[in-house]
Amino acid sequence: SLIRNPFFLYTSSLKLIFCCNLTKEAEIFFREREDFDAQIEGSYVTDSFLDKLKSDPERWKTVKETNPEINTGASLGYRTLTYNIFVGGIYVARLLICETQYELTNSDFFVLKTLGDFLRPFLEREDMAVNAHSVNFDKYIQKLLAGEHVDEAVLKPVLNTFGWNEKDRYFCCYIYADVENVAADLMMSTCFFLEVTCPNSAVITFRDHIVHIINLTAMNAPKDKVQKILARLYRERHLEAGCSPEFAGIQELSVRYRQAEAAYVMGSRAGFKEGYYLYEDYRLEDLLRIVTNRYSLEAICPKEICKLMEYDRANDMQLTLTLRTYLKYDRNIA
């Protein structure tokens, strides 16, 4: 074998595709460092191993690299040589060699990259499953999120394969990904967990965060009921999210996604602790934000309000505050 140490191929969701050269000596080596999880092809890494990856201070250095890179293994106890595989600019898998019985050599760099480049066409054809999504599903959803048009003729069969229809009713959530998870490239494991626990939904990484799209038609459930489940689920995973209104037709995804993002931004800035923010609660605030990005407050303020504010200043009164309070409490005199 050109590679004498154990080597592994994981998808970006940390599912083990295959491992080679995992000898008895190598297993003993891993167990002595108390970080050996049963390596079963087709299975995902355990939560304990996820915690070890998060605690690895060097992992972030290799996340975006396009060439083989060495991790000195400060937290693992052994060095690894990693090579990330990208398809269409999207990170889909990682090859790694663990330095156990033999030292890493210069030839390992060349062999690992050659093996990764050889495997890329198979991953492109999804002969090796990267996730549970149908072919081109992630690509088209990301285009929709970015506001690009996707022709119905090509989108429809992809959605149908996933059990969705373009005209179904949906809502989506913008999920904040903390720096630790982004740096350790562990977002895909969160995506996998959410999809397994929330059927008829799709979770993808988009830019530096996670987008959760829920198909209410396929779920045959009202939005308020699903929201309660999601709010609890996100809290358990220590996730913060903004939630869009319900909408009909997946082509509206870009607009609704931006509303979910706005809900998260405004809700988190307000300092509320629930971590699940509904756009409906911030609709007026968002509208004011959008308008004032174009006009000054003075330009859009009704002249009657301006007169009232001027009266307050001239007479040391607080009638503007009184009016605001009156309107805030639904014109309740009390």
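The values are calculated or read from the model by the stated rules, or taken from the named source; none is laboratory data. Nothing here was measured: the structure is a model prediction, and the numbers come from that model. All Cβ positions, even for glycine, are placed from backbone atoms using ideal geometry, and neighbour counts span all protein chains on display. Surface accessibility is based on the protein's heavy atoms, side chains included, excluding ligands, DNA and RNA. Shrake-Rupley method; radii C 1.70, N 1.55, O 1.52, S 1.80 Å.
Is there a residue in region 204-222 that is under 20 Å from HIS149 (Cα atoms), outside any strand (DSSP E or B), charged (D, E, K, R) and open to solvent by less than 40 Å² (accessible area, probe 1.4 Å)? So far as region 204-222 goes, no, none of its residues is under 20 Å from HIS149 (Cα atoms), outside any strand (DSSP E or B), charged (D, E, K, R) and open to solvent by less than 40 Å² (accessible area, probe 1.4 Å). Going by the conditions given, is TYR276 of a type in the set (Ser, Thr, Tyr), surrounded by 12 or more Cβ atoms within 10 Å (Cβ to Cβ), under 22 Å from the mean Cα position of the chain (by Cα) and modelled with pLDDT under 95? It is true that TYR276 is of a type in the set (Ser, Thr, Tyr), surrounded by 12 or more Cβ atoms within 10 Å (Cβ to Cβ), under 22 Å from the mean Cα position of the chain (by Cα) and modelled with pLDDT under 95.
If you filter region 314-326 down to residues that are part of a helix (DSSP H, G or I) and surrounded by 10 or more Cβ atoms within 10 Å (Cβ to Cβ), you find that the one that is farthest from the chain's Cα centre (by Cα) is LEU319. Here LYS156, LYS113, LYS143, LYS64 are screened, and the one residue that is among the charged types (D, E, K, R) and touching a residue at least 40 places away in the same chain (Cβ under 8 Å) is LYS113.
For region 228-245, filtered to residues that are part of a loop (DSSP other than H, G, I, E, B) and more than 17 Å from LEU216 (Cα to Cα), the residue that is least open to solvent (accessible area, probe 1.4 Å) is LEU239. Screening region 134-146 for residues that are assigned to a loop (DSSP other than H, G, I, E, B) and open to solvent by 40 Å² or more (accessible area, probe 1.4 Å) and picking the one that is modelled with the lowest pLDDT gives VAL135.
Listed by first and then second residue, the pairs linking a residue in region 6-23 that is farther than 17 Å from THR100 by Cβ and open to solvent by 40 Å² or more (accessible area, probe 1.4 Å) to a residue that is among the β-branched types (Val, Ile, Thr) and in a strand (DSSP E or B), with Cβ atoms under 9 Å apart and 6 or more places separating them unless they lie on different chains, form an empty list.
Would you check which residues across region 201-214 are more than 17 Å from CYS243 (Cα to Cα) and touching a residue at least 12 places away in the same chain (Cβ under 8 Å) and list them?
Taking region 201-214 as the starting set, the residues that turn out to be more than 17 Å from CYS243 (Cα to Cα) are 207-208.
Passing the criteria: only ASP208.
The rows are residues; the columns are (1) modelled with pLDDT of 70 or more; (2) open to solvent by 80 Å² or more (accessible area, probe 1.4 Å).
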site: ARG31; (1), (2): yes, yes
site: VAL45; (1), (2): yes, no
site: LEU53; (1), (2): yes, no
site: ASP56; (1), (2): yes, no
site: LYS61; (1), (2): no, yes
site: LYS64; (1), (2): yes, yes
site: PRO68; (1), (2): yes, no
site: TYR78; (1), (2): yes, no
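ARG294 meets all of the listed conditions (1) loosely packed, with under 14 Cβ neighbours inside 10 Å; (2) of a type in the set (Lys, Arg); (3) touching a residue at least 60 places away in the same chain (Cβ under 8 Å) but one, namely (3). Annotation note: Cβ proximity below 8 Å between a residue of region 256-280 that is within 17 Å of HIS209 (Cα to Cα) and a residue that is polar (S, T, N, Q) (sequence gap 6+ or interchain) occurs for ARG256/SER244; TYR257/SER244; GLN259/SER244; ALA260/SER244; ALA263/SER244; TYR276/GLN227; TYR277/SER268. Looking for something out of contact with any strand residue (DSSP E or B) (no Cβ under 6 Å at 6 or more places or on another chain), on the phi > 0 side of the Ramachandran plot, at pLDDT 90 or above and not in a helix (DSSP H, G or I) - is there at least one such residue anywhere in region 147-169? Among the residues of region 147-169, at least one is out of contact with any strand residue (DSSP E or B) (no Cβ under 6 Å at 6 or more places or on another chain), on the phi > 0 side of the Ramachandran plot, at pLDDT 90 or above and not in a helix (DSSP H, G or I), which makes the answer yes. In region 91-112, what count of residues is obtained for those that are within 17 Å of GLU65 (Cα to Cα) and assigned to a strand (DSSP E or B)? Qualifying residue count, region 91-112: 7. Scanning region 277-334 for residues that are under 30 Å from CYS173 (Cβ atoms) and of a type in the set (Val, Ile, Thr) yields a count of 3. Beta carbons closer than 8 Å, at least 6 apart along the sequence or on distinct chains, pair a first residue in region 309-329 that is over 17 Å from LEU297 (Cβ atoms) with a second that is modelled with pLDDT under 90 and open to solvent by 80 Å² or more (accessible area, probe 1.4 Å) for TYR326/ASN332; TYR326/ILE333.
Could you check how many residues of region 63-80 are of a type in the set (Ser, Thr, Tyr) and outside any loop (DSSP other than H, G, I, E, B)?
Keep residues of region 63-80 that are of a type in the set (Ser, Thr, Tyr), which gives 66, 72, 75, 78, 80.
From what's left, outside any loop (DSSP other than H, G, I, E, B): 80.
Number of matching residues: 1.
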